[in-house]
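Trainee: There's a structure below that I have some questions on.
The values are calculated or read from the model by the stated rules, or taken from the named source; none is laboratory data. If you're wondering where the values come from, they're calculated on a predicted model, not measured in any experiment. Please note: Cβ atoms are built from the backbone with ideal geometry, for glycine as well, and neighbour counts cover all protein chains shown. Just the protein is used for accessible areas: all its heavy atoms, side chains included, with ligands, DNA and RNA removed. Shrake-Rupley method; radii C 1.70, N 1.55, O 1.52, S 1.80 Å.
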Amino acid sequence: MVAIPTLLVVLSLVFLLVRVAPGDPATAVLGQQASREAIENLRTKMGLDKSLWQQYVEYLSGLLRGDLGKSLISRKPIGGQVAYALPFTLELTITGVLLGSILGVPLGILTAVHRNTIVDYLGRILSLAGLSIPAFYLGILLMLLFSIQLNLLPTVGGGQQRNVLDLLYHLVLPGLTLGLIMTAYVTRMTRSSILNILRQDYVSTARSKGLKERAVIYRHVLKNAMVPILSVLGVYSIVLIGSSVMTEIVFSRPGLGKLMVMAMKQRDYLALQSLLTIYAALVLVINLMTDLSYGIIDPRVRYD
Amino acid sequence: MGENRKIWRTFRKNKIAVAGLVLTLIIGLIALLAPMISPYSPVKQDVLNQYDTPGGKHFFGTDNYGRDILSRIIWASRISLLVGFFSVLFGMVVGSIAGVVAGYVGGWGEGVLMRIVDIGLSFPTLVLGLVIMAVLGSGLDKLVIAIGVAMAPRFARIAHGPTLSIREESYIEAAKAIGASPVRILGRHVVPNILGEIIVMATLWVATAIRIEANLSFIGLGVSPPTPSWGNMVRAGVNHLIMAPWLSLLPGAAILITVLSFNMIGDGVRDITDPKLQS
């Protein structure tokens, strides 16, 4: 259970980082022209007049009770905003990871098996392009094509919350944006881990005993390639969280990333602190899941 | 020299990497010669020529203020390359020093530092950069610091491991015995041993740094207008996507081509570091 001390360090860092940020939140809310008393009053209301320790203890004890605090700007509980936004972000990232795995693994196998042919070169250039393109630009390209030229899909918004079809309709383009980027990462990783395994002795053994190439790939290569592929899937899921922030902004999806950037721009430090906490938790969960999945795929790695 | 030639030969065999190197050199030249080759001023407004379509007098068209897009793209290449280069340099220096010192000194200081590094590693670099940028405020120098700090944990990790094993070598023992100071030991014996790996890592991260700069500028946390950066140009164009799609498309393409060129070089560099994967 290394996750808990790690989480505590993350929380403390987030807390400190947000506190050292320049600019007074109360002044940010009221504007430069506000009177001194008004600012002092608001600071008291926000709890900013308390000592750092007091604020820290309140922050942690609040978290333990599942209380993320109130937004400095809207004065509404942040927990509610997060509860609304989280599903939009999860839908998006899960779609991205799934699409990336479904497209990326076969593409990676294809490029590795047809190494140094035109298929390989095309696949490599495309996947390099995929990991070079910023998510916001890919989003704009897809938007121009599917929404503006073909008029098939909506440009912005996340869809109505209770209408599944509408949600899916609004998920297509952002999901595709993230999915294509993830495909690039997965293709590259799959290619190199398969190339790596194709060089192993047991592959030569399998070939020399007359096994068909297809059987060699499926039975010996793929199975052993799964561990590195899976671990990288975890790492890239985290990279994808970064891209999801940008995708949400381009498509104006009401997700966590959009909330976070809004909180930054409004200098809403409490909201920012809570959102980063959620991100940290998300990252830790993904790491934990990746670790656990090794044990399932590779019996040599068992966690007790 | 023989070693260098071998490295170059490995690199040259990767056609993608060579193409990337050529493209990068061209982009570098464009940035260098910006004042000479840009046809117009990047910031001068021209109300009579708003939304000129590409082609004609303004080869890449003009924006809503009548500014020449081609000139803006050319000038903005300087921002991207400067931020890309210096932020990686900054992250490399800060991260490597942290990693080397932690590895050499050991003890609880090492524990705390490497724990922080682990946490830094577990976050997406973009999100880290975003947060640091929000704390620092906008500006070119802050971009360099924010992206550099966001990358520093990766360099710390790379520098830390080898330092641990070098620490136990007998020549370090010998250096200590003759009374060499820790700074001298680190500078003369540890750093030269890990420098190669760190520089390789740095070349791979320039592409990411440029992409993060574009992202931050796109959000509005990077270089502020009217100074053109590719990211803030794409952002400004988004509002005119239907009427004038080139405002976003062209600077976005510049980002893509530049990041791709650096990544193509990275492809060849990877071949050198991992000879097993050579194409």
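Trainee: Looking at (1) open to solvent by 30 Å² or more (accessible area, probe 1.4 Å); (2) within 13 Å of chain B (Cβ to nearest Cβ), which is the one condition that is false for A:L144?
Mentor: All conditions pass for A:L144, except number (1).
Trainee: Taking the range B:140-171 as the region of interest, how many residues are part of a helix (DSSP H, G or I) and open to solvent by 50 Å² or more (accessible area, probe 1.4 Å)?
Mentor: Adding up the residues that qualify gives 11.
Trainee: Within the range B:180-233, count every residue that is in a helix (DSSP H, G or I), within 23 Å of B:S80 (Cβ to Cβ) and of a type in the set (G, A, S).
Mentor: So the count comes out to 6.
Trainee: Report yes if A:Y218 is among the aromatic types (F, W, Y) and farther than 30 Å from A:P87 by Cα, otherwise no.
Mentor: The answer is yes for A:Y218.
Trainee: Okay, next question. What about A:V29, is it under 15 Å from A:R267 (Cα atoms) and within 14 Å of chain B (Cβ to nearest Cβ)?
Mentor: In short, no.
Trainee: Between A:L180, A:L167, A:L222, which is in contact (Cβ under 8 Å) with a residue 60 or more places away in the chain, part of a helix (DSSP H, G or I) and within 14 Å of chain B (Cβ to nearest Cβ)?
Mentor: So the residue among A:L180, A:L167, A:L222 that is in contact (Cβ under 8 Å) with a residue 60 or more places away in the chain, part of a helix (DSSP H, G or I) and within 14 Å of chain B (Cβ to nearest Cβ) is A:L180.
Trainee: Kindly indicate whether A:V105 is within 14 Å of chain B (Cβ to nearest Cβ), open to solvent by less than 70 Å² (accessible area, probe 1.4 Å) and under 21 Å from A:L195 (Cβ atoms).
Mentor: no
Trainee: Also: In the range A:210-219, is there at least one residue being touching a residue at least 12 places away in the same chain (Cβ under 8 Å) and crowded, with 18+ Cβ neighbours inside 10 Å?
Mentor: yes
Trainee: Still on this structure, I have one more. Would you confirm whether any residue within the range B:84-99 is within 14 Å of another protein chain (Cβ to nearest Cβ), closer than 23 Å to B:A253 by Cα, assigned to a helix (DSSP H, G or I) and touching a Ser or Thr at 6+ places or on another chain (Cβ under 9 Å)?
Mentor: yes
Trainee: With away from chain B (no Cβ under 14 Å), in a helix (DSSP H, G or I) and under 30 Å from B:G120 (Cα atoms) as the only criterion, which of A:L259, A:L240, A:L233 stands out?
Mentor: A:L233 is the lone residue from the list that is away from chain B (no Cβ under 14 Å), in a helix (DSSP H, G or I) and under 30 Å from B:G120 (Cα atoms).
Trainee: Scanning the range A:247-256 for residues that are more than 10 Å from chain B (Cβ to nearest Cβ) and assigned to a helix (DSSP H, G or I), which turns out farthest from B:L216 (Cα to Cα)?
Mentor: A:L256
Trainee: Suppose we filter the range A:112-141 for residues that are more than 10 Å from every other protein chain (Cβ to nearest Cβ) and not in a helix (DSSP H, G or I); how many remain?
Mentor: Residues in the range A:112-141 being more than 10 Å from every other protein chain (Cβ to nearest Cβ) and not in a helix (DSSP H, G or I): 2 in total.
Per-residue answers, yes or no, for (1) closer than 30 Å to A:T117 by Cβ; (2) more than 7 Å from chain A (Cβ to nearest Cβ); (3) at pLDDT 85 or above; (4) open to solvent by 20 Å² or more (accessible area, probe 1.4 Å):
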{"position": "B:N232", "(1), (2), (3), (4)": "no, yes, yes, no"}
{"position": "B:R235", "(1), (2), (3), (4)": "no, yes, yes, yes"}
{"position": "B:G252", "(1), (2), (3), (4)": "no, no, yes, no"}
{"position": "B:T258", "(1), (2), (3), (4)": "yes, yes, yes, no"}
{"position": "B:D271", "(1), (2), (3), (4)": "yes, yes, no, no"}
{"position": "B:S279", "(1), (2), (3), (4)": "yes, no, no, yes"}
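Trainee: State yes or no: is A:R191 in contact (Cβ under 8 Å) with a residue 24 or more places away in the chain, assigned to a loop (DSSP other than H, G, I, E, B), open to solvent by less than 40 Å² (accessible area, probe 1.4 Å) and in contact with a Ser or Thr (Cβ under 8 Å, 6 or more places away or on another chain)?
Mentor: no
Trainee: Write out, first by first residue and then by second, each pair whose Cβ atoms fall under 8 Å of each other, whose residues are 6+ apart or on separate chains, and whose first residue, in the range A:270-287, is away from chain B (no Cβ under 12 Å) while the second is of a type in the set (K, R) and open to solvent by 40 Å² or more (accessible area, probe 1.4 Å).
Mentor: A:L270/A:K70
Trainee: Checking the condition among the aliphatic types (A, V, I, L, M) and at the interface with chain A (Cβ under 8 Å from one of its Cβ atoms), which residue from B:I265, B:I242 passes?
Mentor: After applying the criteria, what remains is B:I242.
Trainee: A follow-up question, please. Check A:Y59 against each of (1) within 18 Å of A:I73 (Cα to Cα); (2) more than 14 Å from chain B (Cβ to nearest Cβ); (3) without any contact (Cβ under 8 Å) to a residue 60 or more places away in the chain and name the one condition it does not meet.
Mentor: Going through (1) within 18 Å of A:I73 (Cα to Cα); (2) more than 14 Å from chain B (Cβ to nearest Cβ); (3) without any contact (Cβ under 8 Å) to a residue 60 or more places away in the chain one by one, A:Y59 breaks only (3).
Trainee: Of the residues A:P87, A:P134, which is assigned by TED's automatic domain parsing to the domain that holds A:Y269, modelled with pLDDT of 90 or more and of a type outside the set (A, V, I, L, M, F, W, C)?
Mentor: A:P134
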